[in-house]
1. Answer with a single label: of [x] 56, 38, 22; [y] 42, 25, 21; [z] 100, 29, 10, which was calculated as Cα extents along the principal axes in Å from the structure in view?
2. Tell me, in nm to one decimal, what length is gained between PHE64 and LEU52 on full extension, where the rule is 0.36 nm per residue of separation less the Cα-Cα distance?
3. Taking K and R as +1 and D and E as -1, what net charge do the other residues with C-beta under 15 Å from the C-beta of GLU27 add up to?
4. As I understand it, the value is the acute angle between the Cα axis of helix 8-60 and the longest principal axis of the Cα atoms of the chain; what does it come to in degrees, rounded to 10?
5. Count the net charge of all other residues whose Cβ sits under 11 Å from the Cβ of ASP88, scoring Lys and Arg as +1 and Asp and Glu as -1.
6. Checking the cross-link filter: which lysines have an alpha carbon closer than 17 Å to that of LYS91, excluding same-chain neighbours under 8 positions apart?
7. Round to the nearest 10 and give me the degree value, 0 to 90, for the angle of helix 64-118's Cα axis relative to the longest principal axis of the chain.
Amino acid sequence: MISQTFDFNAFLDASKKAFAPAVKFNELSVQGFERIARQQLAFAGEMLDYSLQQMQLATSAKDFNDFTARQIELSTQFAEKATQRSQDLIKLHSEQQAQLTKWFDQTVSESTKAARKAA
């Protein structure tokens, strides 16, 4: 009786090919999450800084008019930073969407080629 040996390397290669799209998707997802998390962390730091400046302002203002003027200035600066952060998040989202769309199109194209070849 002849028994064929199991080709473990062929099995590993087939598994790698089968899971390659999922691995790439996970890589893209983690990269996008990391970029957004870094943006959010930076924004949280800016919010903390703004809060500390507000507290310092309350104790260092000469009078009500000075307090109001400096508070308006701080709030305007913070609003500009927040606006820039939201624009950056929109840009990150667009870039991430473009990468995922490219990945999806490539994966579908490769799967279609493989299915036609097998048929």
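1. Among [x] 56, 38, 22; [y] 42, 25, 21; [z] 100, 29, 10, the one calculated here is [z].
2. That pair, PHE64 and LEU52, stretches by 2.4 nm at full extension.
3. Values: positive: LYS16, LYS24, ARG35, LYS102; negative: GLU34, GLU95.
Taking every other residue near GLU27 into account, the sum is +2.
4. 0
5. On the way: positive: ARG35, ARG38, LYS81, ARG85, LYS91; negative: GLU95.
Here the charged neighbours net out to +4.
6. LYS81, LYS102
7. Compared with the principal axis, the helix lies near 10 degrees.
Taken together, the values in this text are just the output of simple stated rules run on the coordinates, not laboratory data. Here the structure is a predicted model, which is why all the values come from computation and not from measurement. Using ideal geometry, Cβ is built from the backbone for each residue, glycine included, and neighbour counts are taken over all protein chains shown.
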